[in-house]
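Participant: Have a look at this one before I ask anything.
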Amino acid sequence: MTEFADQVAAVVTRSVAGCTKLIAVDRLSGGASQETYRLRVLIGGREVTLAMRRAPGGQHLEPLPANPGLDVEALLMQLAKEKGVPEPEVHYVLTREDGLGDGFIMEWIEGEALGARITRDPVFEAVRPKLAFECGKILAKIHSIDLNQGGLKSKLAVLTPEQFLNQMLERYQAFDQPQPMIDYTGQWLMANLPKTDRLTLVHNDFRAGNFMLTPTGISAVLDWEVAHIGDPMRDLGWICTNSWRFGQDLPVGGFGEYQDLFAGYEAESGIRVDPDHVKFWEVFGSFWWAIGCLGMAEHYRTGPDQTVERPAIGRRSSECQVDCVNLLIPGEARLLESQADDSPDMPSQMELVTSVRDFLRDDAMANLTGRSQFLARVAGNSLDIVLRELTVGGQHQRAEHQRLQAYFESDASLMSLRRRLSQGLRAGEIGLDDIPVQQHLRQTVVNQIAIDQPKYSGLRRAKQWG
């Protein structure tokens, strides 16, 4: 066994009741912000599967308002279980003495967590029509958890809608990488802040992919790592965010309708849902994840987890930005055509990149398993982005530059003019109803997503206006 496996074995045999042996430990492919492992152990002479979540690279992280820590995540799962929310049993919370970093060991729950399968697999055909209603009921149960239990008021950040928005704006602006559509959306959100006095526990990442589904319903709600105390409608808006529809058209998670989600919530809580209130948080969801994706790229630059997955997720910011375009400023945008590879070099850049991509997909993936195979697929997808950028990226940036030069009547560089547009939006000097700016943002964002992810459903919706 490896040193890591030896450490895990020492922990499970000491801390999990009846466990006498670790048979195997395997890291699962999912999880961009936390690591998840499958543990096969002997308990009472019988092979049992457990799960372990831990911080990336086995770190010990100081709790932050935006990330209260894995020990708090374990507590939230236990409190939710007491309220009737389907949750696994938490067996043990890791300590510093265990040498594995922050994390916990829990019951293994069977079910499907991949959003694409939840929204498409025929095995869930019977449960999908009822799933939005069930999600509404579960969210109402989560929002009813007593904040005094387990000292939650002292463990979780309190974020009103305005505080949450300002927090994200500050985080985005600290990157110092202007993305004008993010600034436009931020100003729209500031102008449409909901008024609410009701603050509850908010899961903050409730969606397909963070719950387990069986053919009879949800078997576990997972990934509480960004929970806070705030506006409960945040959770309803988040599950309606297009990023979590997995290419499907139905607005609730790609599997249900708004009215079914609202009906489930109202049936459990007795509280009426205001659709406009939820729409604010649906827009905020795309805004939030657009910034979160940029944060993944920043994390790659600063470490400690510098896997190929981080920058790939960073490029997904344009997916969220095109969703904001579709929600706030829908309209026609012209897609640029790819240019032929006329490089005089032999082989050309295109051929070199293509050969590496094909190696990853045809050779590397066939000989890898688990997370390594997953990362090889991610690497191949990243090279696809590079290939598209080689054929259309130059003219896309030139067109963006020309539009900004005309708007500002300036010969400044593209980055200078992009920054000027962002700053003008932030300061309110450029209005949300400025038609040339709206047209520029549509054209820029739609062509960027065509480079980053041409199969994204948000691009398909944007093209419907043409």
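The values are calculated or read from the model by the stated rules, or taken from the named source; none is laboratory data. Bear in mind the structure is a predicted one, so any value in this text is a computation, not a measurement. A quick note on method: Cβ atoms are made from the backbone with ideal geometry, for glycine too, and the neighbour counts reach across all protein chains shown.
Participant: For region 33-60, what are the residues that are of a type in the set (Gly, Ala, Ser) and either crowded, with 16+ Cβ neighbours inside 10 Å or assigned to a strand (DSSP E or B) (or both)?
Facilitator: Ser33, Ala51, Ala55, Gly58
Participant: Can you find even one residue in region 233-246 that is closer than 30 Å to Leu360 by Cα, crowded, with 17+ Cβ neighbours inside 10 Å and among the polar types (S, T, N, Q)?
Facilitator: yes
Participant: Additional query: For region 268-299, how many residues meet the condition of being among the small types (Gly, Ala, Ser), closer than 19 Å to His203 by Cβ and modelled with pLDDT of 95 or more?
Facilitator: Qualifying residue count, region 268-299: 3.
Participant: Select from region 427-443 the residues that are surrounded by fewer than 20 Cβ atoms within 10 Å (Cβ to Cβ), part of a helix (DSSP H, G or I) and in contact (Cβ under 8 Å) with a residue 12 or more places away in the chain and list them in ascending order.
Facilitator: Pro436, Gln438, Gln439
Participant: When you scan region 187-283 for strands (runs of 3 or more DSSP E) that lie fully inside it, which ones turn up with 3 or more residues that are under 21 Å from Gly115 (Cα atoms)?
Facilitator: Fully inside region 187-283 and qualifying: 211-214, 217-221.
Participant: Hey, Met415 hits all of (1) outside any helix (DSSP H, G or I); (2) surrounded by fewer than 14 Cβ atoms within 10 Å (Cβ to Cβ); (3) not aromatic (Phe, Trp, Tyr) but one; which does it fall short on?
Facilitator: Met415 satisfies every listed condition except (1).
Participant: Out of Phe374, Phe280, Phe287, which single residue is buried (at least 18 other Cβ atoms within 10 Å of the Cβ), under 30 Å from Leu432 (Cβ atoms) and either without any contact (Cβ under 8 Å) to a residue 60 or more places away in the chain or out of contact with any helix residue (DSSP H, G or I) (no Cβ under 6 Å at 6 or more places or on another chain) (or both)?
Facilitator: Within the list Phe374, Phe280, Phe287, the selection yields Phe280.
Participant: Is it the case that some residue within region 142-154 is in contact with a Phe, Trp or Tyr (Cβ under 9 Å, 6 or more places away or on another chain) and modelled with pLDDT of 95 or more?
Facilitator: yes
Participant: Could you say which residue among Leu425, Leu432 is under 25 Å from Glu319 (Cβ atoms) and within 26 Å of the chain's Cα centre (by Cα)?
Facilitator: Leu425
Participant: What do you reckon, is Gly253 closer than 25 Å to Phe374 by Cβ and at pLDDT 95 or above?
Facilitator: Criteria met by Gly253.
Participant: Here's something else I'd like to know. In region 307-357, what residues are aliphatic (A, V, I, L, M), part of a helix (DSSP H, G or I) and out of contact with any helix residue (DSSP H, G or I) (no Cβ under 8 Å at 6 or more places or on another chain)?
Facilitator: Across region 307-357, the qualifying residue is only Leu352.
Participant: For region 450-466, how many residues meet the condition of being hydrophobic (A, V, I, L, M, F, W, C) and assigned to a loop (DSSP other than H, G, I, E, B)?
Facilitator: Adding up the residues that qualify gives 1.
Participant: Further, regarding this structure: In this structure, is Ala297 surrounded by 17 or more Cβ atoms within 10 Å (Cβ to Cβ), touching a Phe, Trp or Tyr at 6+ places or on another chain (Cβ under 9 Å) and assigned by TED's automatic domain parsing to the domain that holds His396?
Facilitator: So Ala297 fails the test.
Residue by residue, here is whether (1) in a helix (DSSP H, G or I); (2) among the small types (Gly, Ala, Ser); (3) without any contact (Cβ under 8 Å) to a residue 24 or more places away in the chain holds:
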residue	(1), (2), (3)
Ala379	yes, yes, no
Gly393	yes, yes, no
Gln402	yes, no, yes
Ser422	yes, yes, no
Val445	yes, no, no
Gln448	yes, no, no
